[in-house]
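Derivation of every value follows stated rules applied to the coordinates shown; laboratory data play no part. In this text, all values refer to a predicted model and were calculated from it rather than measured experimentally. Note that each Cβ is placed from the backbone with ideal geometry, even for glycine, and that neighbours are counted across all protein chains shown.
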Amino acid sequence: MGSNWVVCNCKLPVVLGVLWVLGFLWVLGFLGLAVQGSVTYDRKSLVIDGQRRILFSGSIHYPRSTPEMWEDLIMKAKDGGLDVIETYVFWNVHEPSPCNYNFEGRYDLVRFMKIIHKAGLYAHLRIGPYVCAEWNFGGFPVWLKYVPGISFRTDNEPFKREMQRFTEKIVNLMKSENLFQSQGGPIILSQIENEYGAQSKLLGTVGHNYVTWAAKMAVEMGTGVPWIMCKEEDAPDPVINTCNGFYCDAFTPNQPYKPSIWTEAWSGWFTEFGGPIHERPVQDLAFAVARFIQKGGSFINYYMYHGGTNFGRTAGGPFITTSYDYDAPLDEYGLIRQPKYGHLKELHRSIKMCERALILSDPIITSLANYQQAHVFTSESGDCAAFLANYDAKSAARVMFNNMHYNLPPWSISILPDCRNVVFNTAKVGVQTSQMQMLPVNTDMVSWESYNEDLTSIDDGSSTFTTTGLLEQINVTKDASDYLWYITSVDIGSSESFLRGGELPTLIVQSTGHAVHIFVNGQLSGSAFGTRENRRFTYRGKINLQAGMNRIALLSVAVGLPNVGGHFETWNTGILGPVALRGLDVGKWDLSWQKWTYKVGLKGEDMSLNSPNSISSVDWMQASLIVQKQQPLTWHKAYFNAPDGDEPLAVDMDGMGKGQIWINGQSIGRYWTAYAYGNCNGCSYSGTFRPPKCQLGCGQPTQRWYHVPRSWLKPTDNLLVIFEELGGDPSRISIVKRSVTSVCADVSEYHPTLKNWHIESYGKSEQFHNPKVHLKCSLGQSISAIKFASFGTPLGTCGTYQQGTCHAPSSYDILEKKCLGRERCSVTISNTNFGADPCPNVLKRLTVEAVCAPTSYQPSWRG
Ligand SMILES: *[C@@H]1O[C@H](CO)[C@@H](O)[C@H](O)[C@H]1NC(C)=O
């Protein structure tokens, strides 16, 4: 802490790397072996072993889940129709101090790559090493800031030296494990730098020189697979420039011989403490993907496919939440999010049916009407695939294509792999919706005990120092802790008028971020917070001073270091002042240039109270003896047994304020139950998406539940430790499990008078006349109740369905008969099945919400 990092001289590994490559070439030459694989590209696509490919990819960041979860996530991604798994490489977790590397546990990049390979998928390795990613300091180690003479991401020798050293470290590690496709491994693509375009333009020649250097440096590493730069228009050859965004159909690569690659198709958006949850409707995401493909795009990566969790202090910032769910097809806990996952899976299957036509030809675009177009791909060998698009955000359209009529919902694309039959429309969601909930488990928190940070002796220890004036926080903490104490004293004369009934003095504290708690003579007297948009803030509050010496202790709190913005490494954190008192007899008293005593971190952190090994180093107080539950700066601990089953678990922090959580010594992350401000008035899938459009959770804590990986638990006596900054009631903390509680389906009937209905149905002949509703609970669960069923014109969405004007009275009976007690069921949609037509000449739907419950809890009527 606070010690000076020496810049290490890492020449040795570089030299070894060069020797290794030479040795490798020599062996190849000697044995006369050809390189096993090859990845190149042309204007149409990546070319893998001589084959052009349309590829779907998904971001899964290995440190955002546990190694025990990786295989399941990757297999679910494969099952969802992905070909490629993409990940950034996170420098700061791999090299916590110079030349001191960590590739263990969640940071075991090699193991992650090998699981991808074993699953038969490809990998895209985005080394960066700047990654942004809502990750602490954008992935840079904080020590990098203190390398003499350094300036990040520009034509600066110390920075380039460190960037090259780490890039080589990763490339050599991958090579040593034969992980590049050219060596028979999964990696088909690598990224250098990240979203540098805007900064490059700003810096002009210097920026251009840096980009040119980075490209050359990367290419010279000889990985045998192409390099990309995202959001970098002037990416030098042979590096491919790629697109990130909500839509990328307006994107064209910077050379006609480069393929169109979409490195980040944003599946949702991140959340910040105090903000709402953002959802991106799958109909719009599918529409965006189809738009990119119909324009000739050939590689799409969902950012994120599984967002996961910012464990520990890895969240970027400030104020990025611990959950990095991102509204991704696999939720934070690794569960399938329906209908997002299933609808995209069908999209992938439909596009793959067009693959030959797509890779062999360029689209011919024709206008069908004002806002409707056809993109048609026809190859010489007779393949034909068509995309019929309706860009109108308000109205459906009926268009004529190849002498046939097609109905296109608003803001949608229909996919015709044979230029005749529609197999998919982006706006028609046929898969079921599932509702997930946090449910109680039968495990109790036992023997709650607490320990208060001792405020009377904060500055007694050896890890404190005193100096004149206010210091920048990260310069002092080097990010070893979120917390830095700023302590000073004020001597108040006994003649001050406020002591005789006058108005109390006001303390003013200007902070450059991110939060501060104010203690006067050991009592919490107030707190203040910045926001992600505006890190700076000013605390202003009356304080209770006494005659004589008073101690003012300011606990400045970092909530994730910035991960984005021009030279974010130079942005300040902490209290840089002024700090002043107003309302004294002298008027204003500026404290900024007084003597200040600093202490990095909390006493509990010094004693590692979060760890099972050192938990007994203090005297804990039984919860029953604590009168004042809302005590700030308090450590709480309790024990619990692992709940049965294998559903994902979380800790419910309702009732607590802000702080950090550990289980068996592993950090779950920061928590903060700040309420979400936003506009949650619902949204339509149709029309250009931006995150503010679809907000959820307004008026509730942005994040109430915190993921507890199953693999971090023992069967019994798991130690839960909480550090609470503000005050809260730990007796309300509980462990919950995440389960699919109900599934919904909403499918239209076949209507004989809508002649072209058949071309919009799914390819199979069974579904041609008889569409079906399919319902499926998770493994080990079955349908215990039909919460809603209506064949007719029902209203609402999953969870809030209501009967419409038309409703077949037999709806519940039919569904109960076919589905109750079963893990999955299907019901054919036809008038005969429901007794009689409840409303002739009206297009009807069958809409169902079924409750899923563990099979063992089924009532006895099954037997
Ligand atoms: C923090 O440290 C850096 C590097 O040593 C220095 O350039 C900078 O001026 C310091 N910031 C402040 C506000 O003191």
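Once the Cα atoms of helix 11-31 and of the chain are each reduced to a long axis, what angle between those two axes, in degrees from 0 to 90 to the nearest 10, is obtained?
30 degrees
Treat every Asp and Glu Cβ in segment 598-725 as -1 and every Lys and Arg Cβ as +1, leave all other atoms uncharged, and give the resulting dipole magnitude about the Cα centre to the nearest 20 debye.
Charge dipole of segment 598-725: 460 debye, to the nearest 20.
Let me check against my output: what whole-number percent is the relative contact order of segment 457-600, with C-alpha pairs under 8 Å and at least 6 apart?
41 percent
Counting other beta carbons within 10 Å of each residue's own, what order do Ile474, Ile74 fall into, fewest first?
Ile474, Ile74
Order these peptides, 129-135, 565-571, by their mean beta-carbon neighbour count within 10 angstrom, highest first.
129-135, 565-571
Could you work out the relative contact order of segment 300-455? I mean the mean sequence separation of Cα pairs under 8 Å and 6+ apart, divided by the number of residues, in percent.
Values: 248 pairs, mean separation 24.6, N = 156.
Computed over segment 300-455, the figure is 16 percent.
Between Lys714 and Gln594, what is the spin-label point distance in nm, taking each point 7 Å from the Cα along the Cα→C-beta axis?
Distance between the two pseudo-spin positions: 4.7 nm.
Sorted from fewest to most neighbouring beta carbons within 10 Å, what does the list Met607, Met549 look like?
Met549, Met607
Order of 342-353, 400-411 by packing, highest average Cβ count within 10 Å first? Intermediate results must be reported in sequence, preceding the final value.
Details: 342-353: 21.0, 400-411: 17.7.
Going by the mean number of other Cβ atoms within 10 Å, highest first, we get 342-353, 400-411.
Volume per residue, Å³, of the convex hull around the alpha-carbon atoms of segment 477-537?
In segment 477-537, the Cα convex hull volume per residue is 113 Å³.
Between Asn403 and Glu823, what is the label-point separation in nm under the 7 Å Cα-to-beta-carbon projection?
Result for the modelled spin labels: 5.0 nm.
Nearest 20 debye, what's the magnitude of the dipole of the chain about its Cα centre given +1 on Lys and Arg Cβ and -1 on Asp and Glu Cβ?
So the dipole magnitude of the chain works out to roughly 1380 debye.
What is the helix-to-structure angle for 157-176, meaning the angle in degrees between its Cα long axis and the longest Cα principal axis of the chain, kept from 0 to 90 and rounded to the nearest 10?
So the inclination is approximately 50 degrees.
For Met621, Met304, what's the fewest-to-most ordering of other Cβ within 10 Å of each Cβ?
Met621, Met304
Taking the alpha-carbon distance from Lys428 and a cut-off under 20 Å, which aspartates and glutamates remain once sequence neighbours fewer than 8 residues away in the same chain are dropped?
Within the straight-line cut-off, Lys428 pairs with Glu279, Asp284, Asp327, Glu346, Asp392, Asp418, Asp746, Glu749, Glu760, Glu766, Glu849.
In sequence order, what are the phi-derived ³J(HN,Hα) couplings for segment 503-512 according to the Karplus relation 6.51 cos²θ - 1.76 cosθ + 1.60 with θ = phi - 60°, rounded to whole Hz, with x for glycine and proline?
So the Karplus estimates, Gly and Pro as x, are 6, 5, x, 9, 9, 10, 10, 9, 10, 8 Hz.
How high is the FRET efficiency from Gln51 to Cys99, r the C-beta distance, R0 45 Å, rounded to 0.05?
Working: r = 41 Å, r/R0 = 0.92.
For R0 = 45 Å, the calculated efficiency reads 0.65.
Find which of Gly224, Phe529, Trp662 sits farthest along the positive direction of the dipole of the chain, computed with +1 on the beta-carbon of Lys and Arg, -1 on that of Asp and Glu, about the Cα centre.
Towards the positive end, the residue furthest out is Gly224.
Pairing the Cα long axis of helix 67-79 with the longest principal axis of the chain, what angle in degrees results, from 0 to 90 and rounded to the nearest 10?
Tilt relative to the chain: about 30 degrees.
Using the scaling law 2.2 N^0.38 Å as the reference, what is the normalised Cα Rg of segment 612-710? It would help to have the intermediate numbers written out before the result.
On the way: Rg = 18.4 Å, N = 99, 2.2 N^0.38 = 12.6 Å.
Here the Cα radius of gyration is 1.46 times the empirical estimate.
Farthest toward the dipole's positive end in the chain, which of His774, Val557, Tyr247, given Cβ charges of +1 (Lys, Arg) and -1 (Asp, Glu) about the Cα centre?
His774
Can you tell me the order of 506-518, 359-371, 490-502, 443-455 when each peptide is scored by its average per-residue count of other Cβ atoms within 10 angstrom, highest first?
Packing proxy ranking, top to bottom: 506-518, 443-455, 359-371, 490-502.
Rounded to whole Å and sorted largest first, list the principal axis extents of the Cα atoms in segment 59-99.
Extents along the principal axes, in whole Å: 40, 19, 12.
Of the options Ala515, Thr205, Thr464, report the single residue whose Cα projects farthest towards the positive end of the charge dipole of the chain (beta-carbon charges: Lys, Arg +1; Asp, Glu -1).
Going by the Cα projections, it comes out as Thr205.
Over the chain, what is the relative contact order in percent, taking alpha-carbon pairs closer than 8 angstrom and at least six residues apart?
About 11 percent, as a whole number.
What 222 nm value per residue comes from the helices of the chain, counting each DSSP H run with n ≥ 4 as -39,500 (n - 2.57) and dividing by all residues, nearest 500 deg cm²/dmol?
Numbers: 15 runs with 149 residues, N = 863.
Helix-only estimate at 222 nm: -5000 deg cm²/dmol.
Give the aspartates and glutamates whose C-alpha is closer than 16 Å to that of Lys145, dropping any in the same chain fewer than 8 places away, or say none.
Glu95, Asp155, Glu157, Glu162, Glu472, Asp479, Glu569
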